[in-house]
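What follows is a short report on a single structure.
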Amino acid sequence: MSAAVGPFLEVRGLKVAYGSVEALHGIDLEVRQGEIVTILGANGAGKTTALQTVSGLLRPAAGEIRFDGASTQKVKAHELVRRGIAQAPEGRRIFGTLTVRENLDLGAFTRADADGIEETRRWIYQLFPVLEHRREQLAGTLSGGEQQMLAIGRALMAKPRLLLLDEPSLGLAPLLVKAIFQTIREINGSAGVTVLLVEQNARAALKLAHRGYVMEVGRIVHQGPAAELARDPMVLNAYLGGKPDHR
């Protein structure tokens, strides 16, 4: 899908601290409507902190976040969901003692349009047919890949305009990673959902994304079109095993 011009999500001078320890040191990034943007980096780089701050789960110590032209500074996390931001968190965090359908229904907690909710649920079952087959099964009994599908589906139940994905490939076999990333492409291309993706699988992320940012210890150290990052010597050596990614 061709991305629209102009910022949809703007992050400027963002600082986040855990007590006296600063985790983000004034980062800037933006996502244009219709894009898939990935944030790459090692464990501890601050990627998840950035995502949780965008979603309203963490409050910044300084800086500004603007979504669709409006500041999110005083907006609570659940209200950001109403405005169109939803997150599938690292580690999935599904409710294991609830069924697949019940988990999906929880994702629509900010919505009151029953017909629309049912339409979204049918769409998610089309994206992930296994979830329909297992809709009455307890989520805790699903495989890791199925739980990841459920986490993404639950976020999509909010009908987001901006989908935040935190390590969707974590712990999955290569074939499942390929399937998950293909579905993310479909969510972006067919449904027009803008995606901000945190991912350690740099090769897969750069194949998927329009643009990328590289984080190290709370700072953005590199950015650019995904195709250029996939050929950049620094990215090659740090994240791609020194081998270029032939797109």
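The values are calculated or read from the model by the stated rules, or taken from the named source; none is laboratory data. Everything numeric here is computed off the predicted structure, so don't read it as measured data. Cβ sites come from the backbone with ideal geometry, for glycine too, and all protein chains shown count toward neighbours.
Tabulated values for the structure
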| item | result |
| --- | --- |
| Among the residues listed as Arg211, Arg154, Arg203, the single one being surrounded by fewer than 22 Cβ atoms within 10 Å (Cβ to Cβ), at pLDDT 95 or above and not acidic (Asp, Glu) | Arg211 |
| Given (1) touching a residue at least 40 places away in the same chain (Cβ under 8 Å); (2) exposed (fewer than 15 other Cβ atoms within 10 Å of the Cβ); (3) closer than 25 Å to Gly34 by Cα, number of the condition Arg122 does not satisfy | (1) |
| Within the stretch 22-60, tally of residues that are among the charged types (D, E, K, R) and in a loop (DSSP other than H, G, I, E, B) | 2 |
| In the stretch 78-107, the residues that are modelled with pLDDT of 95 or more, closer than 19 Å to Val195 by Cα and among the hydrophobic types (A, V, I, L, M, F, W, C) | Leu80, Val81, Ile85, Ala86 |
| Lone qualifier among Ala173, Ala204 - being closer than 24 Å to Asp232 by Cα and of a type in the set (A, V, I, L, M, F, W, C) | Ala204 |
| From Gly44, Gly69, Gly13, Gly19, residue being out of contact with any Lys or Arg (no Cβ under 7 Å at 6 or more places or on another chain), among the small types (Gly, Ala, Ser), under 19 Å from Glu199 (Cβ atoms) and surrounded by fewer than 17 Cβ atoms within 10 Å (Cβ to Cβ) | Gly44 |
| Every residue from the stretch 39-66 that is in contact with a His (Cβ under 9 Å, 6 or more places away or on another chain) and not aliphatic (A, V, I, L, M) | Gly46, Gly56 |
